[in-house]
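Some notes on the structure that comes next.
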Amino acid sequence: MRSDVFALISAVAWAVEQESADPDTADRLLSIMMEGLRRR
């Protein structure tokens, strides 16, 4: 599972670095990711 979490974090970082990402993208994606992890 640890490698899955690192893959998710890397995906969030990649998405935030894209030119078209709005300033709230990181917060929104991290919130979605954390909510999903809490439900496991």
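The values are calculated or read from the model by the stated rules, or taken from the named source; none is laboratory data. Because the structure is a prediction, the values reported are computed rather than measured. All Cβ positions, glycine included, derive from the backbone under ideal geometry; neighbour counts span all protein chains shown. We work out accessible area using only protein heavy atoms, side chains counted, and drop any ligands, DNA or RNA first. Shrake-Rupley method; radii C 1.70, N 1.55, O 1.52, S 1.80 Å.
Here are a few things to note about the model shown:
- Simple label model, 7 Å out from Cα along Cβ direction - R2 to T25, nm: 3.0
- Degrees separating the helix 25-38 axis from the principal Cα axis of the chain, which is the longest one: 10
- Over the chain, accessible surface divided per residue gives 88 Å², non-protein components excluded, 1.4 Å probe.
- With Cα atoms, 0 to 90° folded angle of helix 2-17 axis to the chain main axis: 10
- Sparsely packed loop sites in the chain (the GluC sites (Glu not before Pro) outside DSSP H, G, I, E and B with at most 13 other Cβ atoms within 10 Å) comprise E19.
- Cβ-based charge dipole, the chain, positive-most Cα from V12, M34, P23: M34
- Apportionment of accessible area to carbon and sulfur, the chain, percent (1.4 Å): 57
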